[in-house]
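Reviewing the structure listed below.
Read the figures in this text as sums done on the coordinates, not as results from a lab. Since this is a predicted model, take the numbers as computed values, not measurements. Here the Cβ positions follow ideal geometry from the backbone for every residue, glycine too, while neighbour counts run over all protein chains shown.
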Amino acid sequence: MTFPISSSDKQYLAALALGNEAAFEALFTRYYPGLLRYAHTLLRYPTDAAEDAVAEVFCTIWAHRTQLAVAGSLAAYLYTAVKHRAFDRLREQRRTLLDITDELPTTQPDEAHLQPDHLLAFQELSAQVGHLIEQLPERTRQVFQLHRDGGLTYEEIAGLLAISINSVKTHMFRALRFLKSTLYASGYNSGVTRRLRLLSLR
Amino acid sequence: MEQEDLYLLIARYLARQTSSDENAQLATWVAQSPENERTFEQLKTVWQASQLPATPAATAAALRRVQARLALPTVPEPAAPPMRGWRLRLARPYQLAAILVLLVSALAGTYFYARPVPALAYQVYRAPAGQPQRLRLADGSVVTLAPQSQLRYPARFAGASREVYLEGEAFFEVSKDPRRPFRVHSGAWVTQVLGTKFNVSAVPGARQLAVSLVEGKVQVTDRQGKYLLTPGQQLRADVATGRIYRQAFDHHQVLAWRSNQLVFKNEKLADVANQLERRYGVKLVFADTATAEVRLWATFDNEPLPRVLGALRQAGGLAYHREGQVIYLRRVAAQTTND
């Protein structure tokens, strides 16, 4: 019994309401990585908190599969559920929400013991782009990932993050402009397969 | 069209959120000049390359945990055909074990990894937590598998090469056979040797991949190129950034696991958690950044877990409490310095 992952929201909800387990698996497989990544931006510690929050959301969805009230897209519903669960946890722990409107330093691997001339190449383009995404300011990166991974619309992102649509658009534009110009300035040429020389990007 | 509106339109198009009017508008703009077309293609490349990397194993594991909580049947459900016909042919129990292993690994392969299933009959061996395990392959090669690592290998090598598939970490002592190169597949890397001794570290979820050459000669291939190593050299990739380094390596540190030692030289707890988890079959959870960034200088020689945790508490100022196989760690005091 299989359920196509690319089914529409309506098809998913209808199948879930009937208790279709394959539909639940497909839903999980499709949305889990993006949701986990989003949850991590809200719940860094303890290190299993993000996984737990997302798992709980899916458990609740299954438990209430016959009564899901989804106004809008399924993606937005899931991301919002994760946000609420994360906030609940933070309240329980009486921690303050990481204020991600501040520009946090992006995490860099500890390179103190590695010499620059040993750096050979980026394994593949996606790794280089992934590296560039990590350099974006936290909020900009979050907006980009919600659009890219979750497929949320600008309105949905604005609602989720409680910022204006104009803000979302500005972040998205900045991200695209930075990624495109940095990638192509570094000498990447889509027609040729060759080793990329690392330029200092800071 | 304003540059910002344009970029956003293109992004929405790539996210399949545009109306047919907008698609027509975009198509017209792209057709207007080669420069427009180039802009579009470049943004499309960025978009495609920024796709969230799939983690089929991690997602599947998380799904199984959720299904267990909900008391749903977990995937995959191996088909259980009536075994009557088979039972007649199987004289000895170990043959049955080999066939079941093949069935499970083939299902796992098609469901999660979509790797081509080789025509040879492959077996899968997974080392349990605790001790490294030695395997002897059909050609006489010896593979020492780290705890909780997994090797897929054929019962017999046939054809022009010897191919095995590794998930985790292993030390290879490969029999020389010039006619048949020995190749280790680990994620996106293929390490090719003729006959030699080397270590491959390709643990799912780890922050680094590495091939370390002790003796002989290897060539590591990935999607973009080939890298040659000489003895004493290591090829290392940082998973988060994709950067690849070639450098000398500390033999003791890289190979200590074979004698069941754990060697940490000024490494952050978060970076070595993986090794501890595999060695003892536990899961470590850190309470906060301060805990995750505690640095360790230590050598643990076949110590039981309580001793290791005791050392972490004393030297690292880490408090812990254990619930079954999960260990919760929290830094409570400044680290003591060595006298």
ask   = From the phi of every residue in the range A:177-183, what ³J(HN,Hα) in whole Hz does the Karplus formula 6.51 cos²θ - 1.76 cosθ + 1.60 yield, where θ is phi - 60° and glycine or proline is x?
value = 5, 4, 5, 5, 6, 5, 4
inquiry  = For a Förster distance of 30 Å, can you work out the FRET efficiency between the beta-carbons of A:ILE165 and B:LYS44, rounded to the nearest 0.05?
reply    = 0.80
query = With labels modelled as points extended 7 Å from the Cα through the Cβ direction, what inter-label distance (nm, one decimal) is found for B:ALA27 paired with B:SER161?
reply = 4.4
ask   = At what distance in nm do the modelled label points of A:SER7 and B:HIS252 sit from each other, each positioned 7 Å from its Cα along Cα→Cβ?
value = 5.9
Relative contact order computed over the range B:118-254 (Cα-Cα under 8 Å; 6+ residues apart), in percent = 15
remark   = Yeah, the range B:3-49 with a ≥ b ≥ c from its alpha-carbon gyration tensor (a/c under 1.5 is rounded, else prolate when a/b outruns b/c, oblate otherwise) is oblate
query = If R0 is 35 Å, what FRET efficiency do you get for B:VAL190 and B:ARG16 from their C-beta distance, rounded to 0.05?
reply = 0.50
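Please give the average number of partner chain Cβ atoms lying within 10 Å of the Cβ of each residue in B:58-69, rounded to a whole number.
Other-chain Cβ atoms within 10 Å of each residue's Cβ, averaged: 5.
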Given B:LYS197/B:LYS268; A:LYS83/B:LYS283; B:LYS176/B:LYS226; B:LYS226/B:LYS283; B:LYS226/B:LYS268, the pairs whose alpha carbons are separated by over 27 Å = B:LYS197/B:LYS268; B:LYS226/B:LYS283; B:LYS226/B:LYS268
query = Using a basic spin-label model with each label point 7 Å from the Cα along Cα→Cβ, how many nm lie between B:ALA57 and B:GLN314?
reply = 3.5
